[in-house]
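A.B. asks: Handing you a structure now.
The values are calculated or read from the model by the stated rules, or taken from the named source; none is laboratory data. Bear in mind that the values here come from a model prediction, so they are computed numbers and not experimental data. Glycine also receives a Cβ, built like all others from the backbone with ideal geometry; neighbour counts cover every protein chain displayed. Side chains are part of the model used for accessible areas, which takes the heavy atoms of the whole protein and leaves out ligands, DNA and RNA. Shrake-Rupley method; radii C 1.70, N 1.55, O 1.52, S 1.80 Å.
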Amino acid sequence: MLRLHDTATGTVRPLELREEGRASIYVCGPTVYDVPHLGHGRFSLVFDVLRRFLEFRGLEVRYVSNITDIDDHIITKAAEEGRSEAEVAAEYEAVWWDAMDALGVKRPTETPHATAFVPDMVRLIGSLVDRGVAYETTDGVYLSVDRIDGYGLLARQDLDSLRSGARVDPGEEKRSPLDFVLWKKARPGGPTWESPWGPGRPGWHTECVVMSLDLLGEDFDIHGGGLDLAFPHHENERAQAVGLERAFARHWVHNGWVMVGGEKMSKSLGNFTSLTDLLERADARAYRLLVLRAHYRSPIEVTPSTIDQAEQGLARLDDMARRFDVVAPATGVTAAQAPGVGADAGAVTSFVEHMDDDLDTPGALAEIFDLARQAHSAADDAKPDEGRRLAVTAAVLCNVLGLSLAGAGPSLDADVAALVSERDAARAGGDYPRADAIRGQLEALGWVVEDGPEGTRLHR
RNA sequence: GGCGGCGUGGCCGAGUGGUUUAGGCAGGGGCCUGCAAAGCCCCGUACGGCGGUUCGAUUCCGCCCGCCGCCUCCA
């Protein structure tokens, strides 16, 4: 069974599902007030692969990822641009899904929006107040972390050490500097909702508690997100669940940073690269490969050089797919079904063993590249069927990682096709100067020209 | 200040107490090819520094140096 790192224990431990055969996952999604950056791309890819792999393992996966469509950033932006918060959120949500589609990220099974759950949040906050875990001040409702057993679990620090590092704003009415806001009483500007504490809006941390518990139920399996969500966001979600005495996530999974010049990429540092920009410059699959080449908990450095290396690696896999004319295998193939579609059982087993080991995608990719080498080798050795079998295996496994390979050759327009046949004729007749001239023409049109036993082959 | 992580061959990036190597990219040599391209074969013998444990450490322990992160909105 899959073993995964759990931030709550700081160890890699077996994923013990609530319900046999079914996995429930909640991944914190974006706040839609700006274009997504490379860090958003990484977590989306990492959890997409986790989801695909669980499905490959034959599990029925329910994957919930939210859209935060109301918060201070959105309100600020709306005010600056003189339009509604809903318009701002809708615009950037559309950008978000475009980027996800381009990356080949499977749509979550549910994508709840925070604004649709505000009444539920009010009820949840009310329960916390009733239980004496939360309290009202002049500007809002706060959760009292002193009342929470094990606060600091995800930060892997105890309350005292967290408190010692906490920054305190003067004039705050919080009982502890670590207490966090559940409900913000209405201030000028921005939308409001009714509550027992007057009009206002929810703080950030409550929405994910409500949406995960409403949709997945108590004691769901995996809660994930970027490492910077571990504290305070996930810590504060957990605190609310503890305060309510409701079972929460069984397993906490966090992915590492995207780095830029040795520093964490983040909005606040202003050193981010937008995902949209990257997707315009590079093959989206190259970013997936770049992310998967490193372990999900390691930091990755994204530079023109590392992107280029990933594109070269991708070209190798594409070349294999072309040589063996491997079309993308049907999705939904499980590990158990893989041999039935012609995949090598031993390689599949080895791949699964890597992935079971805390999602060792670098090891899994090594397996795939090795298959590519073996496939070519077999074909060079006059064993085309064996080569094709290995190539099919590689393609099936790529699919589990969400990597689709370039299949058969592209369709050519009439002019290009004419050049190809003219060149083949020239080569057959020994007119190499003419053949080379046509190759030059084709290359000028952006084609890569390869000669095989069956004549000229083109690809982009 | 508290807590945590990292430092691997030209680059990216896994992994392990010792016999045979992660893998990719780039580079060199060879084969194949009319020439290329692609592919195949071969090659570099790396683990921040200093000690310690050990028959033996890149892998365990300690110290040091360097880098990064969290403790505040952040994927």
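A.B. asks: Just to be sure before I move on: is A:SER164 open to solvent by less than 50 Å² (accessible area, probe 1.4 Å), of a type in the set (Ser, Thr, Tyr) and in the same structural domain as A:HIS73 (by TED's automatic domain parsing) in the structure I sent?
C.D. replies: Details: open to solvent by less than 50 Å² (accessible area, probe 1.4 Å): no; of a type in the set (Ser, Thr, Tyr): yes; in the same structural domain as A:HIS73 (by TED's automatic domain parsing): yes.
It is false that A:SER164 is open to solvent by less than 50 Å² (accessible area, probe 1.4 Å), of a type in the set (Ser, Thr, Tyr) and in the same structural domain as A:HIS73 (by TED's automatic domain parsing).
A.B. asks: Right, another one. Counting just the residues of region A:444-460 that are acidic (Asp, Glu) and near RNA strand B (Cβ under 8 Å from one of its atoms), which one comes out nearest to the chain's Cα centre (by Cα)?
C.D. replies: Within region A:444-460, the match that is nearest to the chain's Cα centre (by Cα) is A:GLU450.
A.B. asks: Sort out for me the strands (runs of 3 or more DSSP E) sitting completely within region A:179-261 that have 1 or more residues that are within 15 Å of RNA strand B (Cβ to nearest atom) and among the β-branched types (Val, Ile, Thr).
C.D. replies: It comes to A:180-185, A:222-226, A:251-255, A:258-260.
A.B. asks: From the list A:VAL333, A:VAL327, A:VAL302, which residue is in contact with a strand residue (DSSP E or B) (Cβ under 7 Å, 6 or more places away or on another chain), β-branched (Val, Ile, Thr) and at negative phi? Give the steps one after another, and end with the answer.
C.D. replies: Values: A:VAL333 fails: in contact with a strand residue (DSSP E or B) (Cβ under 7 Å, 6 or more places away or on another chain); A:VAL327 fails: in contact with a strand residue (DSSP E or B) (Cβ under 7 Å, 6 or more places away or on another chain).
Exactly one of A:VAL333, A:VAL327, A:VAL302 is in contact with a strand residue (DSSP E or B) (Cβ under 7 Å, 6 or more places away or on another chain), β-branched (Val, Ile, Thr) and at negative phi, namely A:VAL302.
A.B. asks: Let me ask you something else. Mind checking which residues of region A:336-379 are surrounded by 16 or more Cβ atoms within 10 Å (Cβ to Cβ), acidic (Asp, Glu) and either within 20 Å of the chain's Cα centre (by Cα) or near RNA strand B (Cβ under 7 Å from one of its atoms) (or both)?
C.D. replies: Of everything in region A:336-379, those that are surrounded by 16 or more Cβ atoms within 10 Å (Cβ to Cβ), acidic (Asp, Glu) and either within 20 Å of the chain's Cα centre (by Cα) or near RNA strand B (Cβ under 7 Å from one of its atoms) (or both) turn out to be A:ASP356, A:ASP358, A:ASP360.
A.B. asks: Can I ask one more? Filter region A:264-283 down to the residues that are among the aliphatic types (A, V, I, L, M) and open to solvent by 20 Å² or more (accessible area, probe 1.4 Å), then identify the one that is nearest to RNA strand B (Cβ to nearest atom). Outline the logic, then answer.
C.D. replies: Just the residues of region A:264-283 that are among the aliphatic types (A, V, I, L, M), to begin with: A:265, A:269, A:275, A:278-279, A:282.
Restricting the remaining residues to those that are open to solvent by 20 Å² or more (accessible area, probe 1.4 Å) gives A:269, A:279.
On the way: A:LEU269: 7, A:LEU279: 17 Å.
My answer is A:LEU269.
Rundown of residues vs (1) in contact (Cβ under 8 Å) with a residue 12 or more places away in the chain; (2) buried (at least 20 other Cβ atoms within 10 Å of the Cβ); (3) part of a strand (DSSP E or B), yes/no style:
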{"position": "A:ALA23", "(1), (2), (3)": "yes, yes, yes"}
{"position": "A:TYR26", "(1), (2), (3)": "yes, yes, yes"}
{"position": "A:PHE43", "(1), (2), (3)": "yes, yes, no"}
{"position": "A:VAL46", "(1), (2), (3)": "yes, yes, no"}
{"position": "A:ILE70", "(1), (2), (3)": "yes, yes, no"}
{"position": "A:ILE75", "(1), (2), (3)": "yes, no, no"}
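A.B. asks: Something else now. Only residues that are open to solvent by 60 Å² or more (accessible area, probe 1.4 Å) and outside any helix (DSSP H, G or I): list them for region A:85-115, please.
C.D. replies: Once the filter is applied, which keeps residues that are open to solvent by 60 Å² or more (accessible area, probe 1.4 Å) and outside any helix (DSSP H, G or I), region A:85-115 yields A:LYS106, A:ARG107, A:THR109.
A.B. asks: Okay, next question. Condition first: part of a loop (DSSP other than H, G, I, E, B) and either farther than 25 Å from A:ASP101 by Cβ or more than 7 Å from RNA strand B (Cβ to nearest atom) (or both). Now tell me which residues in region A:287-310 satisfy that.
C.D. replies: Result: A:HIS295, A:TYR296, A:ARG297, A:SER298, A:PRO299, A:VAL302, A:THR303.
A.B. asks: Same structure again: For the structure I just gave you, tell me whether A:GLY225 is in contact with a helix residue (DSSP H, G or I) (Cβ under 7 Å, 6 or more places away or on another chain) and of a type outside the set (S, T, N, Q).
C.D. replies: So A:GLY225 fits the description; yes.
A.B. asks: Any residue at all in region A:416-437 that's in contact with an Asp or Glu (Cβ under 8 Å, 6 or more places away or on another chain), closer than 30 Å to A:THR349 by Cβ and open to solvent by 10 Å² or more (accessible area, probe 1.4 Å)?
C.D. replies: Scanning region A:416-437 turns up no residue that is in contact with an Asp or Glu (Cβ under 8 Å, 6 or more places away or on another chain), closer than 30 Å to A:THR349 by Cβ and open to solvent by 10 Å² or more (accessible area, probe 1.4 Å).
A.B. asks: Now a separate question. Among the residues of region A:144-160, write down those that are open to solvent by less than 100 Å² (accessible area, probe 1.4 Å) and either touching a Gly at 6+ places or on another chain (Cβ under 8 Å) or in a loop (DSSP other than H, G, I, E, B) (or both).
C.D. replies: Scanning region A:144-160 gives A:SER144, A:ILE148, A:GLY150, A:TYR151, A:GLY152, A:LEU153, A:LEU154, A:ALA155, A:GLN157, A:ASP158, A:LEU159.
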